Amino acid sequence: MNDSTLTDRQRFYSLCGICTSVFAWGISFAGLIPLMSLTLEGRGYDPLMIGLLGAITPVGVILAAPMAPGFIQALGTARAIFITSVGITITVALLPVFDSYESWLGLRLLAGLFGAVPWIGTETWVNAIATEKSRGRITAIYITIMAISFAIGPLMLSILGTQGNQPYIIYTGLMALSHIPLILIWRYAPVLHHVKGLKFSSFIWTIPSILAAAMVCGMVDMSFFSFLPIWGLRMGFAEDTAVLLLSIFVIGNVVLQLPIGWLADKTDRYMVLIGCGIIGIISPVLIILVAESTWSISIILFFWGGCVWALYSVSLAILGERYKGGTLTAASAVFIVAYEIANIVGPPLAGVSIDLWGPDGLMVFMGGSMTVFVIVTTIRQIIKHRQAQTG
């Protein structure tokens, strides 16, 4: 079915199906990361090897992303997402069966190779069912559901524990359940025709601001998850307070996506991106200035968390505004590759910054990343405005 022929009710059903599927999948994905890390730590593996296991899945996504648009076109959107999602589920089910470190590396690499298709296909699907008037809010709903699932996944470990095969079995079951909503909305999937001769490198020059937004979001998000609790400890906070700061950052992400998405639908979306970037520059400076006040830091982290992930959701809306069909699929693939590259390089750069400048080096790195993004995006908008005036 062509997405332009969908009724409002079919669009609503499609969004509900996608969000339900993403919710179940996200809980499993987010829970597996700390579960595997804790399992390896209990076996005596050093942090470098644990970090390598965490990085291998994004590497798989990056390697497979250029081939994903053609695969989606060849099999159809829903079928391609379903087949590769089943592939991911199988790799998760095999984790407790083949539980050597080398086997886990191979399985997580396979999960990344499979994972490129459902990630790219789902985000293209979300954009396909959105209308121009509601695109910012639709992508915000999608990101909000994903954020909630990512918060629940690790929390489940406090109930399930980390010993034995039970948590792996439950996370596998959740991932398998995520396939059911996809089957229910199968017939509403968009037809995405592959555009021949389209080069990924061309998007670097046509959407530099969007790719910069993906990269700064990926760097800040993953670096915060890796180092914000450590920053709190080094600043003298108790361990539970340091962990709570990260939770507040995530809560801001969950709560603020819809308001920011609404604003993006009512105003210039690029200006919303720049505004979020400016808040991302100011926030680390303010945190350094009020470092002794837990309440002040919490308020800043709440708004900062919302603005960081708004870079992703608003950029996703802009992609849907600019591109359609197979071209949108290719643009989404490049966008995700940029995000995953940032996920890989962000934490090491943040770690170097902390080594150089102490705990506040984390804030220096965050503010510096956002500054580069704001400069790139502002210059790009000035150039586009001048070209529009002269053209």
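Residues are listed down the side, and each one gets a yes or a no for (1) within 19 Å of TYR13 (Cβ to Cβ); (2) surrounded by fewer than 24 Cβ atoms within 10 Å (Cβ to Cβ):
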| position | (1), (2) |
| --- | --- |
| ARG79 | yes, yes |
| VAL92 | no, yes |
| LEU95 | no, yes |
| LEU105 | no, yes |
| THR124 | yes, no |
| ASN127 | yes, no |
| THR131 | yes, yes |
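Results for (1) among the hydroxyl-bearing types (Ser, Thr, Tyr); (2) surrounded by fewer than 19 Cβ atoms within 10 Å (Cβ to Cβ), shown as yes or no for each residue.
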position: SER201; (1), (2): yes, yes
position: TRP205; (1), (2): no, yes
position: ALA214; (1), (2): no, no
position: ASP221; (1), (2): no, no
position: PHE224; (1), (2): no, no
position: PHE227; (1), (2): no, no
position: LEU233; (1), (2): no, yes
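Would a scan of segment 281-292 turn up a residue that is out of contact with any Lys or Arg (no Cβ under 6 Å at 6 or more places or on another chain), exposed (fewer than 15 other Cβ atoms within 10 Å of the Cβ) and at pLDDT below 90?
yes
Any residue in segment 218-228 that is in a helix (DSSP H, G or I), more than 19 Å from GLY121 (Cα to Cα), hydroxyl-bearing (Ser, Thr, Tyr) and within 20 Å of the chain's Cα centre (by Cα)? Can you show your working first?
Here is the first cut: in segment 218-228, the residues in a helix (DSSP H, G or I) are 218-228.
Next, from what is left, pick out any that are more than 19 Å from GLY121 (Cα to Cα): 218-228.
Add one more test, that the residue is hydroxyl-bearing (Ser, Thr, Tyr), and what stays is 223, 226.
Restricting the remaining residues to those that are within 20 Å of the chain's Cα centre (by Cα) gives 223, 226.
Taking every residue of segment 218-228 in turn, at least one turns out to be in a helix (DSSP H, G or I), more than 19 Å from GLY121 (Cα to Cα), hydroxyl-bearing (Ser, Thr, Tyr) and within 20 Å of the chain's Cα centre (by Cα).
Among the listed residues MET370, MET363, which satisfies the condition of being outside the structural domain of GLY54 (by TED's automatic domain parsing), assigned to a helix (DSSP H, G or I) and either surrounded by fewer than 24 Cβ atoms within 10 Å (Cβ to Cβ) or without any contact (Cβ under 8 Å) to a residue 24 or more places away in the chain (or both)?
Working: MET370 fails: either surrounded by fewer than 24 Cβ atoms within 10 Å (Cβ to Cβ) or without any contact (Cβ under 8 Å) to a residue 24 or more places away in the chain (or both).
Step by step, each of MET370, MET363 is checked, and only MET363 is outside the structural domain of GLY54 (by TED's automatic domain parsing), assigned to a helix (DSSP H, G or I) and either surrounded by fewer than 24 Cβ atoms within 10 Å (Cβ to Cβ) or without any contact (Cβ under 8 Å) to a residue 24 or more places away in the chain (or both).
Give SER158, SER100, SER202 a once-over and let me know the one that is without any contact (Cβ under 8 Å) to a residue 60 or more places away in the chain and either under 20 Å from GLN73 (Cβ atoms) or not assigned by TED's automatic domain parsing to the domain that holds THR39 (or both). I'd like the intermediate steps shown before the answer.
Numbers: SER158 fails: either under 20 Å from GLN73 (Cβ atoms) or not assigned by TED's automatic domain parsing to the domain that holds THR39 (or both); SER100 fails: either under 20 Å from GLN73 (Cβ atoms) or not assigned by TED's automatic domain parsing to the domain that holds THR39 (or both).
Just one listed residue meets the conditions, SER202.
Quick check on this structure: which one of ILE382, ILE375, ILE341, ILE300 is out of contact with any helix residue (DSSP H, G or I) (no Cβ under 6 Å at 6 or more places or on another chain), surrounded by 19 or more Cβ atoms within 10 Å (Cβ to Cβ) and assigned to a helix (DSSP H, G or I)?
On the way: ILE382 fails: surrounded by 19 or more Cβ atoms within 10 Å (Cβ to Cβ); ILE375 fails: surrounded by 19 or more Cβ atoms within 10 Å (Cβ to Cβ); ILE300 fails: out of contact with any helix residue (DSSP H, G or I) (no Cβ under 6 Å at 6 or more places or on another chain).
It is ILE341.
The values are calculated or read from the model by the stated rules, or taken from the named source; none is laboratory data. Everything numeric in this text was worked out from a predicted model, so none of it was measured. A quick note on method: Cβ atoms are made from the backbone with ideal geometry, for glycine too, and the neighbour counts reach across all protein chains shown.
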